[in-house]
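A short write-up of the structure that comes next.
The values are calculated or read from the model by the stated rules, or taken from the named source; none is laboratory data. A quick note: this is a predicted structure, and the numbers were derived from the prediction, not measured. Neighbour counts are summed over all protein chains in view; Cβ atoms, including those assigned to glycine, are modelled from backbone coordinates with ideal geometry. In case anyone asks, the SASA skips ligands and DNA or RNA and just uses the protein heavy atoms, side chains included. Shrake-Rupley method; radii C 1.70, N 1.55, O 1.52, S 1.80 Å.
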Amino acid sequence: MTTPNNQGPATRIIHNRRHKDAFGSPYSPVYNTTTYRFENTADLLDVIEGRSDGNLYTRWGTNPSIQELEQGLAGLENAEAALGFASGMAAISATLLAHGRNGIVCVGDLYGGTQELLKNHCQALGIPVTFLFRKEQNQLAETLNEPGKLVYFETPANPNMAILDIRAIAETAHQHGALVAVDNKFASPINQKPLELGADLVLHSATKYLGGHSDLTAGALMTSASLAKPVVAWRKNLGQLIAPETAALLSRSLRTLPLRVRQHNENAMAVAQAMEQHPRITKVHYPGLPSFEGHDLAKQQMTGFGGMLSIEVDGGHQAAEKVADSLKVFLLATSLGGVESLVSQPSATSHHGLSREERLKRGIGDGMLRLSVGLEDAADLIRDLNDALTQGC
Ligand SMILES: *Cc1c(COP(=O)(O)O)cnc(C)c1O
């Protein structure tokens, strides 16, 4: 029951089904099972020894609810294969362990959890890890001094929305025999398809836009069948599989992903434009604004600019804190990509552990607030910000 590839993403994800049931239900039931019974030992051995396809044990990834989710996820990035995980970090760690053991080269700013994984765990395991600032991109070729390394980056990056050129980095990496992994969760597959721009592996925290309702934790990897294979083994033996119930909930969320992302894009643009005009805002970081440094590049490689932006409030850290605390529609919370708008202050949350100098070096100003623009009415979001900026004076 696979759907044809010439259909658009909204059609494909809505009609993503692997099985037709006896009752005519348009959607599949949740297969809450850990195991599968066989008629006889010969049938069981056929599956174990690879002579026939069949499910054996859910942790291995063989569960109809998970497989249906993975078919949908693959379709979203036009990938040959996709894997579902219990969290974004599970997807990232399994991918790094399967493909990064010869060395990992990171470009630009990374999510805090990924940074911790690389610094505290990958390096402790003896994996060489190199971090390049965005402005040090031109050193990429020399860091890829032996083949078989993995280049890893995020674009847009957290929290300054910095844009990296996926096509150019992939070209350099491939010339030096390296693979390329892109964390695509800020953009979502609706706004950006890194595989089509040359990346080999695309990672998502499905906790964010893919889930979209701040009610599930999950992760995904989209890639080729051959690159997925070693990751399946790590996922199985580290026990990182997504639960069937969560997989079904995520499949439900994916059916509205194209629609939600379009509205996130529209609302974020309206908020960004309003904030750009506000006298108390010194800077707006949003890839969709012509004034943004990475705008031209974003226009080339993205089909929408996303729901994430950051603003810099005149008056520094305390002024920004007052604004964050005065907002009523925006909730003060970490995470992103849900239907509800969220505000967080990077210096108090995701980048709390860095010194002021380190933050400034990464383009994180003292008065920066990161906004995850949700699906409320844009006029209410703008009014909320305007009110908070007046009260927070
Ligand atoms: C949230 C996030 C992650 C981690 O995802 P979890 O689902 O929380 O494990 C990784 N990378 C980025 C950019 C994120 O925003």
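Structure above, values below:
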{"quantity": "About the Cα centre, charge dipole magnitude for region 226-327 (Lys/Arg +1, Asp/Glu -1 at Cβ), debye", "calculated": "700 debye"}
{"quantity": "Inverse of mean 1/r across different Cα pairs in region 192-231, Kirkwood, Å", "calculated": "11.2 Å"}
{"quantity": "Point-charge dipole on Cβ atoms (K/R +1, D/E -1) for the chain, about Cα centre, debye to 20", "calculated": "320 debye"}
{"quantity": "Efficiency of FRET between Leu331 and Glu196 - r from beta-carbon atoms, R0 41 angstrom, step 0.05", "calculated": "0.75"}
{"quantity": "Kirkwood-based Rg to Rh ratio, region 257-392, C-alpha trace", "calculated": "0.94"}
{"quantity": "Highest to lowest packing among 129-137, 177-185, 238-246, scored as the average C-beta count within 10 Å", "calculated": "177-185, 238-246, 129-137"}
{"quantity": "Whole-percent carbon and sulfur share, accessible surface of region 257-392, 1.4 Å", "calculated": "50 percent"}
{"quantity": "Pairwise label distance in nanometres, Ser226 with Leu45, each label 7 Å out on the Cα-Cβ vector", "calculated": "3.3 nm"}
{"quantity": "Surface accessible to a 1.4 Å probe, per residue, for the residues of region 7-150, Å²", "calculated": "51 Å²"}
{"quantity": "For region 9-254: relative contact order, % (alpha-carbon pairs under 8 angstrom, 6 or more apart)", "calculated": "26 percent"}
{"quantity": "Rounded if a/c under 1.5, otherwise prolate or oblate - region 4-105, Cα gyration tensor axes", "calculated": "oblate"}
{"quantity": "Gain in span if fully extended, Thr303 to Asn6, counting 0.36 nm per residue against the direct Cα distance", "calculated": "105.1 nm"}
{"quantity": "Principal-axis tilt of helix 88-99 within the chain, Cα atoms, nearest 10 degrees", "calculated": "60 degrees"}
{"quantity": "q = 0.10, 0.17 Å⁻¹, region 9-254: log10 I(q)/I(0) [Debye, one scatterer per Cα]", "calculated": "-0.49, -1.25"}
{"quantity": "Residue-averaged [θ]222 nm for the chain, counting only DSSP H segments that reach four residues, each worth -39500 (n - 2.57)", "calculated": "-11000 deg cm²/dmol"}
{"quantity": "Folded to 0 to 90 degrees: helix 225-238 orientation relative to the chain principal axis, Cα", "calculated": "90 degrees"}
